[in-house]
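Worksheet for the structure shown next.
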Amino acid sequence: MSERIKEHPILGVQEKGKSVKFTFDGKELEGYEGEPIAAALKANGVMVHRYTRKEHKPRGIFCAIGRCTDCVMVVNGVPNVRTCITPLVEGMEVCTQYGVSAKPFEEQ
Amino acid sequence: MKRYDLVIVGAGPSGLSAAIEAAKKGMKVVVFDENEKPGGQLFKQIHKFFGSKEHRAKIRGFVIGQQLLEEAGEAGVEVVLNATVIGLYQDKEVVVRKGDRVEHYKGNAVIIATGAAENMVTFPGWTLPGVIGAGAAQTMMNIHGVLPGKRVLMLGSGNVGLVVSFQLEQCGCEVAAIVDAAPRVGGYGVHAAKVARTGVPFYLSHTVVEAEGEDHVTGVTIAEIDSNFQFIPGTEKHFDVDTICVAVGLSPMSQLLKMAGCKMEDDPKRGGQVPICDPYGRTSLPGVFAAGDVAGIEEASSAMIEGRMAGIVAAEYLGYIDEEELKSELASLDEALNGLRQGMFAPQNRGKAIEKTEEGIDISESLLKNGYVADDEIEKYPGVTHKTGIHPVIECTQNIPCNPCQDACKKGCISIGSKITSLPIVVDDSECINCGMCVASCSGQAIFLVDESCQDGTATVTLPYEFLPLPEAGTKGKGLGRDGKVVCDAEVVSVKSMKAFDKTNLLTIRVPREYAMKARFFKVV
Ligand SMILES: Cc1cc2nc3c(=O)[nH]c(=O)nc-3n(C[C@H](O)[C@H](O)[C@H](O)COP(=O)(O)OP(=O)(O)OC[C@H]3O[C@@H](n4cnc5c(N)ncnc54)[C@H](O)[C@@H]3O)c2cc1C
Ligand code: SF4
Ligand code: SF4
Ligand code: FES
């Protein structure tokens, strides 16, 4: 996970929860328990969280504090979950959101 | 419905400071914040603050946050997290959403300290993943420990853009450029200079033409604009970046005040829609107060004082203190706040082009255009002097409310005087003992220790260094100028890290003597 800051000149080594496994579009990834889902995805290089309903445009993290709703995804089958403020839990199923569904537009 | 003497919305520096004051006066206080953790913006800020001792200057933002939380705990303040206030009514009823539940509270007094939201600008491609707010970048790197990107273009040269650019570099990201549509750097010169000397170019009077990429940002094109904000053809520049960070200002989050029926006004100097209120945060509704960024965009240091004022005023409103006590407490806070609202960046000077310092010296044009003071300008400032033996060189060239350097030097080498915005000067006949405290205490990383009189035709330059990996003594590399360009060979002579330096390491490099006043950063090349 090269996108993690291992040691910071001011903050030192940031403490993390325990390492957990979760899936992103069915693929198994690792993250830390309790960190926002979006942080775990970013650490794994995932940029696109969803595609808009009408124009099918990609969206990703924008505000990171739960205000803009750009980062919403389908989590454990529930759409529109703001991943930047939802803590990661072992075994979570996280899926790219197409419109309001986890199914790509071609299959909707 | 649960009742409190005082309900505060927002657990940032202003809300917490208000809560502490009010609780100390014996009031029953609750603070609601929508986040999982309290502290507002403070926990994202890892640099040393400006101001003077009473404003907690030279302490890093997140440490101030910890201090406030401790004080709030001791004072018996109840802080409720994950609690978003969605309604405020004239009778001071507060509606709070916690998860799926909605609860109603009643405050005999209410303080709104909701802070600000980031502004946005639009350009083709602005919705692409990889275009993020500066606040998001800070949250990711400083709270969650994840890199916001590998190569970043910063849009905005205000203090937020400058500070976040430096923070990005500190966690290992490369900042490709700082871009601003304005013709002058908006933030403090010292913040700009510490980024510029690492090699980040500034493009003023430029803005983004387009963010490129299919699914996420892969590049960006910027171009120069004329005074009518029209692109000048042929001035396009392209950067390969994976992230565009937007720091184009903040707007007060004043919706709750409006909803409650407070009289509002549009005040560009305060950042947008703000409540009409007196200097202590009293709005048009009796018992409803505003403090911090929501009442006008400023800084954490002023937000803390405004919070304390609002807490005290609320205490008087409910009869916990009398008018006498109110007056005397406000008087000392007035003075503290006044101290911060001075100098070239003071609220009353926003938008003005200031050409001379209070001392009558020309403000560096290069600093405002390129982010650094040019070599042929630097000797004009009173902190830059020559001497035999080691001595401080203070490259602090604008009037800002800040004075930790003066307090840091126990040998009396540095003086600002009683006016906090005066430029620091090197005191004649003072003797520097090379303790390094001034370098480490300077919030703007603007102080260097220079010894131009080494026997062998070399000079040593000691500079503040807050990056990893920390070079070791003996490491050979290049000295970079104020503009971030290589000027000479350099070798690290020593690296000092002490607890009293609070994570600012002191790197001493040896350079040819003629570069003593030019080399200001070190890079292993
Ligand atoms: C990058 C950066 C660098 C900065 N550097 C400095 C500096 O060097 N020195 C300095 O003095 N200042 C600095 N500032 C400015 C400073 O951070 C702010 O001015 C300060 O945080 C304002 O404090 P506040 O309490 O008003 O608001 P905030 O810190 O924003 O706190 C408001 C809190 O209220 C919460 N909230 C908002 N609405 C609701 C609601 N409806 N319900 C519940 N909770 C709500 C918010 O989530 C937040 O936690 C910097 C700011 C940034 C972004
Ligand atoms: S190094 Fe020490 S003695 Fe010299 S100017 Fe700085 S604080 Fe004063
Ligand atoms: S030189 Fe002094 S006044 Fe200037 S930024 Fe540093 S500490 Fe503040
Ligand atoms: S990134 Fe804005 S809500 Fe998550």
Filtering the stretch B:1-43 down to residues that are modelled with pLDDT of 95 or more and part of a helix (DSSP H, G or I) yields B:P13, B:S14, B:G15, B:L16, B:S17, B:A18, B:A19, B:I20, B:E21, B:A22, B:A23, B:K24
Qualifying position, being within 30 Å of B:N403 (Cβ to Cβ), in contact (Cβ under 8 Å) with a residue 24 or more places away in the chain and either within 16 Å of ligand 4 (Cβ to nearest atom) or not assigned by TED's automatic domain parsing to the domain that holds B:K419 (or both), among B:A83, B:A72: B:A72
So which residues in the stretch B:403-458 are among the polar types (S, T, N, Q) and assigned to a helix (DSSP H, G or I)? B:Q406, B:S441
List the number of the failed condition for B:K48; all other conditions in (1) at negative phi; (2) in contact with a Cys (Cβ under 9 Å, 6 or more places away or on another chain); (3) crowded, with 23+ Cβ neighbours inside 10 Å; (4) more than 14 Å from chain A (Cβ to nearest Cβ) hold. (4)
Inside the stretch B:174-184, can you point out the residues that are open to solvent by 10 Å² or more (accessible area, probe 1.4 Å) and either in contact (Cβ under 8 Å) with a residue 40 or more places away in the chain or of a type in the set (S, T, Y) (or both)? B:A181, B:P183, B:R184
What is the one condition in (1) in contact with a Lys or Arg (Cβ under 7 Å, 6 or more places away or on another chain); (2) assigned by TED's automatic domain parsing to the domain that holds B:V31; (3) in contact (Cβ under 8 Å) with a residue 24 or more places away in the chain that B:S284 does not satisfy? (3)
If A:R67 satisfies every condition in (1) away from ligand 1 (no atom under 16 Å from the Cβ); (2) open to solvent by 20 Å² or more (accessible area, probe 1.4 Å); (3) at the interface with chain B (Cβ under 8 Å from one of its Cβ atoms) but one, which is the exception? (1)
Can you find a residue in the stretch B:115-123 that is more than 12 Å from chain A (Cβ to nearest Cβ), more than 24 Å from B:Q273 (Cβ to Cβ) and within 31 Å of the chain's Cα centre (by Cα)? yes
Could you please let me know if B:K380 is more than 13 Å from ligand 3 (Cβ to nearest atom) and closer than 30 Å to B:G156 by Cβ? yes
I need a count of the residues in the stretch B:359-410 that are more than 24 Å from B:A300 (Cα to Cα) and of a type in the set (S, T, N, Q). 5
Which of the following residues is under 18 Å from B:L147 (Cβ atoms), open to solvent by 20 Å² or more (accessible area, probe 1.4 Å) and touching a strand residue (DSSP E or B) at 6+ places or on another chain (Cβ under 8 Å): A:E30, A:E35? A:E30
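Mind telling me which of the residues B:F49, B:F62 ends up being within 16 Å of ligand 3 (Cβ to nearest atom), within 30 Å of B:E466 (Cβ to Cβ) and not small (G, A, S)? If you could, list the steps in order and put the result at the bottom.
Working: B:F62 fails: within 16 Å of ligand 3 (Cβ to nearest atom).
The unique qualifying residue is B:F49.
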Residues satisfying the stated conditions in the stretch B:211-240, i.e. of a type in the set (S, T, Y) and either within 13 Å of chain A (Cβ to nearest Cβ) or open to solvent by less than 70 Å² (accessible area, probe 1.4 Å) (or both): B:T218, B:T221, B:T235
Can you find, within the stretch A:41-64, the residue that is surrounded by the fewest Cβ atoms within 10 Å (Cβ to Cβ) among those that are closer than 28 Å to B:A116 by Cβ and small (G, A, S)? A:G60
When you go through B:T243, B:T283 one by one, which is the residue that is crowded, with 19+ Cβ neighbours inside 10 Å, of a type in the set (S, T, N, Q) and within 25 Å of B:V95 (Cα to Cα)? B:T283
Got at least one residue in the stretch B:358-376 being in contact with a strand residue (DSSP E or B) (Cβ under 8 Å, 6 or more places away or on another chain), free of Cβ contacts under 8 Å to residues at least 24 places away in the same chain and away from ligand 3 (no atom under 15 Å from the Cβ)? yes
Return the pairs, sorted by first residue and then second, in which the second residue is open to solvent by 10 Å² or more (accessible area, probe 1.4 Å) and more than 16 Å from ligand 2 (Cβ to nearest atom), the first residue lies in the stretch B:15-28 and is on the phi > 0 side of the Ramachandran plot, the beta carbons are less than 6 Å apart, and the residues are 6+ apart or on different chains. B:G26/B:Y320
In this structure, does B:E54 turn out to be without any contact (Cβ under 8 Å) to a residue 12 or more places away in the chain, away from ligand 4 (no atom under 16 Å from the Cβ), of a type outside the set (G, A, S) and open to solvent by 30 Å² or more (accessible area, probe 1.4 Å)? no
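Output the residues belonging to the stretch B:161-173 that are within 14 Å of chain A (Cβ to nearest Cβ) and crowded, with 24+ Cβ neighbours inside 10 Å.
B:V164, B:Q167, B:L168, B:C171
Could you please give the count of residues in the stretch B:137-159 that are at the interface with chain A (Cβ under 10 Å from one of its Cβ atoms), touching a residue at least 24 places away in the same chain (Cβ under 8 Å) and open to solvent by less than 30 Å² (accessible area, probe 1.4 Å)?
Adding up the residues that qualify gives 8.
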Quick check: anything in the stretch B:99-108 within 14 Å of ligand 1 (Cβ to nearest atom), buried (at least 17 other Cβ atoms within 10 Å of the Cβ) and more than 10 Å from every other protein chain (Cβ to nearest Cβ)? yes
Cross-chain or 6+ apart pairs with Cβ under 8 Å, the stretch B:419-444 first and on the phi < 0 side of the Ramachandran plot and away from every other protein chain (no Cβ under 14 Å), then within 16 Å of ligand 4 (Cβ to nearest atom) and modelled with pLDDT of 95 or more: none
When the residues of the stretch B:25-74 are narrowed to those that are of a type in the set (A, V, I, L, M, F, W, C) and over 30 Å from B:L318 (Cβ atoms), which ends up farthest from ligand 2 (Cβ to nearest atom)? B:F43
Search the stretch A:70-108 for residues being of a type in the set (V, I, T) and open to solvent by 40 Å² or more (accessible area, probe 1.4 Å), and hand back the single one that is nearest to the chain's Cα centre (by Cα). A:I85
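To keep it simple, each residue is scored yes or no on (1) within 13 Å of ligand 2 (Cβ to nearest atom); (2) open to solvent by 50 Å² or more (accessible area, probe 1.4 Å); (3) more than 28 Å from the chain's Cα centre (by Cα).
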{"site": "B:S422", "(1), (2), (3)": "no, no, no"}
{"site": "B:Q455", "(1), (2), (3)": "no, yes, yes"}
{"site": "B:P471", "(1), (2), (3)": "no, no, no"}
{"site": "B:K478", "(1), (2), (3)": "no, yes, yes"}
{"site": "B:C488", "(1), (2), (3)": "no, no, yes"}
{"site": "B:V492", "(1), (2), (3)": "no, no, yes"}
Quick count over the stretch B:57-73, residues being among the β-branched types (V, I, T) and within 11 Å of ligand 1 (Cβ to nearest atom), is 2
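The values are calculated or read from the model by the stated rules, or taken from the named source; none is laboratory data. All values derive from a computational prediction rather than experimental measurement. Ideal geometry is used to build each Cβ from the backbone, glycine not excepted, and the neighbour counts take in all protein chains shown. Each accessible area value is taken on the protein alone, full model and side chains, heavy atoms only, with ligands, DNA and RNA left out. Shrake-Rupley method; radii C 1.70, N 1.55, O 1.52, S 1.80 Å.
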